[in-house]
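Working notes, beginning with the structure itself.
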Amino acid sequence: MTRDLIIAEALQLPQEDRRLLADKLRDTLEDPAARQAAIDDAHYAEVMRRCKLIDEGKMELIPWEEAEAQIFGTDD
């Protein structure tokens, strides 16, 4: 099977299957430790961004019970 045929057949897959295939292929090309480090850096940056918004009074904090009710539609 040629590379062009493999690509042509892969492009015929449903979107979710193409996404899974792309993820599997990317995993074989990237260093897993570097990928995890990038994820960790992104999480840290997001936490710091949110902390800054809280410190500046630009983000409203709500109790867990209220958040839970909004997320899950519960009213205990």
How do the helices (runs of 4 or more DSSP H) wholly within the chain filter down when requiring 3 or more residues that are under 22 Å from the mean Cα position of the chain (by Cα) and among the small types (Gly, Ala, Ser): which remain?
-> 32-55
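Results for (1) touching a helix residue (DSSP H, G or I) at 6+ places or on another chain (Cβ under 7 Å); (2) surrounded by 10 or more Cβ atoms within 10 Å (Cβ to Cβ), shown as yes or no for each residue.
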| position | (1), (2) |
| --- | --- |
| GLN12 | no, no |
| GLU16 | no, no |
| LEU21 | yes, yes |
| ARG26 | no, yes |
| ALA37 | no, yes |
| ARG49 | no, yes |
| ILE54 | no, yes |
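Each value in this text was obtained by applying a stated rule to the coordinates, not by laboratory testing. Remember, it's a predicted structure, so these values are computed and weren't measured experimentally. A quick note on method: Cβ atoms are made from the backbone with ideal geometry, for glycine too, and the neighbour counts reach across all protein chains shown.
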